[in-house]
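> This is the structure, below, for whatever I ask next.
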Amino acid sequence: MNLKETREANWPPLEDAERIERVRSIVMEIAQRLKEPGDIEQFALAQEQEQIEQGKFYIKWDGLQLARGYSGLCLLFGELDRLEPDGQWDVTGHRYVVLMQQALERQGIESLSLWTGMAGVVTGIQALSRQGTRYENMLRSLNDFFLRMFPEYMYIVRRNIKEGALMSDYDVIQGLSGIGRYLLHFKEQPEMRLALTQVLEYMVELYEYKEVQNTQVPGWYISPDRIMSTSDQELYPEGYFNCGVSHGIPGPLALLSLAHQQGVEVEGGREAIRSVAEWLMRFTIKDEYGSYWPAHVSWQEQIAGAASGSPPREAWCYGGPGVARTLWLAGQALGEPAWKQAAIESFLGTARRPEQLWNLHSSTFCHGYAGLLQMTQRMIADTGTAELLPLRDHLVDRIIHSFDASAPYGFEELEAGEKQHFAGLLDGAAGVALTLLAVVQDREPEWDWIFLLK
């Protein structure tokens, strides 16, 4: 693997030669295993059928999705092409683009979301476009389709917010936080910027307090009838406030903060950032190692003004590191050193907390070691906090040691306590490979904006 070297002083890569070589070897092994889209689809369908026959929970295969489908794999091959332009990775990526185009023509697409819909399809193709110099007509056509469908989508979510917000309306995975980040990526196009403005205005409306049971609570309160999970309904009979980046209020905070930093502001945007950030600061929990945030704040905890409990995960989706990263972005946006310091202290707390308390059981991105690694690397690059370097190197070693050459894609996911084999980005091998690739390069990656990390 002979990747182009371009030194960027603020993106410190790994330094140990043996570790670097092992990382590159694993990345190349995964990339080779992911080169044949037909094999990936066949394996996914076989795994799905086995789960159906055994009466187990499964997620239906959809090659168009960024989360587990072809779109996410386009990001891996797009990054490899960026780093090694003569390596024929664009040819491999093109196979996926063709299959995505055929799937769109055959089955269409219903969702606009980043991780399960049209925004993700565009993101995957754009990653292979060499800064927009390829696939121009296709990208323009797909963005136009998105913009035609967008008004109806906004009508629905605005109606919902008056009746009671749904997490899927505003979250990163299915909702407006992910959609808004996609629009921010294309903000130089006037129509996309206008759509982004509407998303940000929705976020401002979401942060406004409203009266529930004669009490003023934040607008992102999820009432019992709006909770999708039966187990959560039992745990939170009076509703809750979601604190996870993937499905909770940190997602809108990250979007508002990133848009503000990139010069896209709406009336009330600064106040919304401050309101959410101060709410998260209020519900910080501290143990002997450092600070973190719960997965949910219950109705009772909201009324009491304080939360309790052990760390849910040291992950991107839920837990201290993901929330801390959004607070860092908010602190950057509004120039609030207290929020930025709280973010650094939370990451240092993770570094001190024993690994058996991290509640991480796989190397994948969403709720595994790869996500924690990428966030740690971002914080090192942004803050220069050298105390986080040992954590980063340990995470790299942890992922290296978990590589299993006998597994279909080298890395496994745990779903409901059972091993699963996913090729994709969110909880599969492609996400792990991208993260490993990022820490051996001298320049920062492009792809992790999809997680609202930059």
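The values are calculated or read from the model by the stated rules, or taken from the named source; none is laboratory data. On a predicted model such as this, the values are computed, not experimentally measured, just so you know. Please note: Cβ atoms are built from the backbone with ideal geometry, for glycine as well, and neighbour counts cover all protein chains shown. Calculation scope for accessible area: heavy atoms of the full protein, side chains included, ligands and nucleic acids excluded. Shrake-Rupley method; radii C 1.70, N 1.55, O 1.52, S 1.80 Å.
> Checking the condition open to solvent by 70 Å² or more (accessible area, probe 1.4 Å), assigned to a helix (DSSP H, G or I) and either within 19 Å of residue 412 (Cβ to Cβ) or touching a residue at least 12 places away in the same chain (Cβ under 8 Å) (or both), which residue from 41, 79, 50 passes?
50
> What about residue 371, is it crowded, with 24+ Cβ neighbours inside 10 Å and either in contact with a helix residue (DSSP H, G or I) (Cβ under 9 Å, 6 or more places away or on another chain) or hydroxyl-bearing (Ser, Thr, Tyr) (or both)?
yes
> Suppose we filter 367, 401, 421 for residues that are on the phi < 0 side of the Ramachandran plot and without any contact (Cβ under 8 Å) to a residue 60 or more places away in the chain; which single one remains?
Only one candidate passes the filter, namely 401.
> Pick from 412, 444: which is closer than 23 Å to residue 354 by Cα and open to solvent by 40 Å² or more (accessible area, probe 1.4 Å)?
One residue alone meets the criteria, 412.
> If the Cβ limit is 6 Å and pairs must be 6+ apart or interchain, which residue in the range 334-349 that is part of a loop (DSSP other than H, G, I, E, B) pairs with which residue that is open to solvent by 40 Å² or more (accessible area, probe 1.4 Å) and among the hydrophobic types (A, V, I, L, M, F, W, C)?
Qualifying pairs under 6 Å: none.
> What about residue 308, is it in contact (Cβ under 8 Å) with a residue 60 or more places away in the chain, surrounded by fewer than 20 Cβ atoms within 10 Å (Cβ to Cβ), over 15 Å from residue 358 (Cβ atoms) and among the small types (Gly, Ala, Ser)? Reasoning before the result, please.
Values: in contact (Cβ under 8 Å) with a residue 60 or more places away in the chain: no; surrounded by fewer than 20 Cβ atoms within 10 Å (Cβ to Cβ): yes; over 15 Å from residue 358 (Cβ atoms): yes; among the small types (Gly, Ala, Ser): yes.
No; evaluated as a whole, the condition is false for this residue.
> With farther than 26 Å from residue 96 by Cα, surrounded by 14 or more Cβ atoms within 10 Å (Cβ to Cβ) and within 24 Å of the chain's Cα centre (by Cα) as the only criterion, which of 119, 127, 165 stands out?
Being farther than 26 Å from residue 96 by Cα, surrounded by 14 or more Cβ atoms within 10 Å (Cβ to Cβ) and within 24 Å of the chain's Cα centre (by Cα) holds for just one of 119, 127, 165, which is 165.
> Within the range 171-204, can you find the residues that are in contact with a Gly (Cβ under 7 Å, 6 or more places away or on another chain) and in a helix (DSSP H, G or I)?
Passing the criteria: 177, 196, 199, 200, 204.
> With the structure loaded, tell me whether residue 134 is closer than 19 Å to residue 78 by Cβ and open to solvent by 50 Å² or more (accessible area, probe 1.4 Å) or whether it fails that test.
yes
> Among residues belonging to the range 281-303 that are part of a helix (DSSP H, G or I) and closer than 20 Å to residue 338 by Cα, point out the one that is farthest from the chain's Cα centre (by Cα). Reasoning before the result, please.
Residues of the range 281-303 that are part of a helix (DSSP H, G or I), as a first pass: 281-282, 299-303.
Filter once more, so that each one left must be closer than 20 Å to residue 338 by Cα: 281-282.
Working: 281: 22, 282: 24 Å.
Among residues in the range 281-303 that are part of a helix (DSSP H, G or I) and closer than 20 Å to residue 338 by Cα, the one farthest from the chain's Cα centre (by Cα) is 282.
> Against the conditions (1) under 30 Å from residue 382 (Cα atoms); (2) among the aliphatic types (A, V, I, L, M); (3) out of contact with any Pro (no Cβ under 6 Å at 6 or more places or on another chain); (4) open to solvent by less than 10 Å² (accessible area, probe 1.4 Å), where does residue 426 fall short? Just the number, please.
(4)
> Of 234, 265, 271, 278, which residue is part of a loop (DSSP other than H, G, I, E, B) and open to solvent by 60 Å² or more (accessible area, probe 1.4 Å)?
265
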